[in-house]
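Notes follow once the structure below has been shown.
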Amino acid sequence: MFEYLDQYCCAAGYASGGWVSGVDVGGSTKFGSQQQFMVRNSRSGSFDNPVWNGVFAGVEGAPASQCGMPDASGNSAQASISVEPNVPLVAEKPYITSADGTSFQLVIPAPQSNVDGVAWTASGYTQASVVDFSDVYVTSPGDTSAVINAKLAAGLHVVVSPGIYNLDSALVVSHKNQVLLGLGMATLISPSNGEPCVRVSDVPGVRIAGLLLEAGAWETKGGMLQVGESGAYAGDAANPVVISDVFARVGGPTNGVGPVDTMFLVQSGYTVIDNTWLW
């Protein structure tokens, strides 16, 4: 059994770089033409090397560390490989489950320290909070910032359904352990008043996940995502803020190019960024 991480076509297909976490492959994992790659808390019988560089953190079956060495023309003849035996602090991305297809639960995996290998079992995560959807608001694409902020202010977790949301003010996540989870690459366009797309208060345990933050045709200051308001919040080592699969872009297809001074402004301690792409 092989797991190919590029689009296999003859020798190679479309690929550039990427990320996987929480995967369990019984056979071998092939990077093919992937140029750079990150693998976290996963397991495979073996891995080959990406073309240029790879980082493996808490991965069973990871290749050996090595420095990329240039050939006679100055090009890299072998990939640079960095291996960390475990991940010091992480919390997996929240997700949605349903046993009967009619009632739903939001599952929030607990933070873990010094994790080696996959963190889940066949029945899910051994340490997680399970929230009924009576405590969750699911957005509609026509929702304004005021509608979503009212739900966040009331302490509800918010699931952002697929769509493009033209914000007129920042979404403010102000409650301890609150979740803002996007589905289907839900896209938040930065407010024209210059505020961030999302602002997290000085509170622990917040989860921001699965969102694409896009600049508008106006200036955005203080980050498209701002974590921490005072700049003096020390955070909580046992209950970090975790940013999972959150991407930001300046120069989107329809909304101009900012300018944007900062994509992510992180000014709270114990904030974990777990997979991002900022461009």
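Just so you know, all these numbers are worked out from the coordinates, no wet-lab data involved. Because the structure is predicted, anything quoted here is derived from the model rather than measured. Here the Cβ is made from the backbone with ideal geometry for all residues, glycine too, and neighbour counts use every protein chain on show.
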* Fully extended, how many nm does the chain gain between Gln127 and Ser98 (0.36 nm per residue separation, minus their Cα-Cα distance)? -> 8.6 nm
* **Check: the chain dipole with +1 on Lys, Arg Cβ and -1 on Asp, Glu Cβ, in debye** => 100 debye
* So how many Å³ per residue does the convex hull of the Cα atoms of the chain work out to? -> 163 Å³
* Asked: Is the shape of segment 164-212 rounded, prolate or oblate, going by the alpha carbon gyration tensor and its root eigenvalues a ≥ b ≥ c, with a/c under 1.5 for rounded and a/b larger than b/c for prolate?
  -> oblate
* To do: Over segment 149-279, calculate the relative contact order: mean separation of alpha carbon pairs under 8 Å at least 6 apart, over the residue count, as a percent.
  => 22 percent
* Structure fact -> Checked segment 198-245 with the C-alpha gyration tensor, a ≥ b ≥ c its square-rooted eigenvalues, rounded below a/c of 1.5, otherwise prolate if a/b is larger than b/c and oblate if not; verdict oblate
* At what distance in nm do the modelled label points of Asp48 and Asn86 sit from each other, each positioned 7 Å from its Cα along Cα→Cβ? -> 3.2 nm
* What is segment 46-164 by shape, rounded, prolate or oblate, if you read a ≥ b ≥ c off the alpha carbon gyration tensor as root eigenvalues and call it rounded for a/c under 1.5, prolate for a/b larger than b/c, and oblate otherwise? -> prolate
* For segment 163-268, restrict the atom set to alpha-carbon positions and state the Rg and Dmax in Å. => 13.1, 41
* Stretch gain in nm, segment Ala217-Val257, where the contour uses 0.36 nm per residue and the Cα spacing is subtracted -> 13.8 nm
* Can you list the HN-Hα couplings for segment 111-122, worked out from phi with the Karplus curve (6.51, -1.76, 1.60; θ = phi - 60°), rounded to whole Hz and with x for Gly and Pro? -> x, 9, 10, 6, 8, 10, x, 5, 9, 10, 10, 4
* Asked: Ala110 to Asp236: extension gain in nm, 0.36 nm per residue of separation minus the Cα-Cα distance?
  -> 44.0 nm
* Structure fact -> Once both label points are put 7 Å beyond Cα along the C-beta direction, the Ile273-Cys67 separation in nm becomes 2.7 nm
* Asked: Roughly how compact is segment 80-129, stated as its Cα Rg over 2.2 N^0.38 Å to two decimals?
  -> 1.44
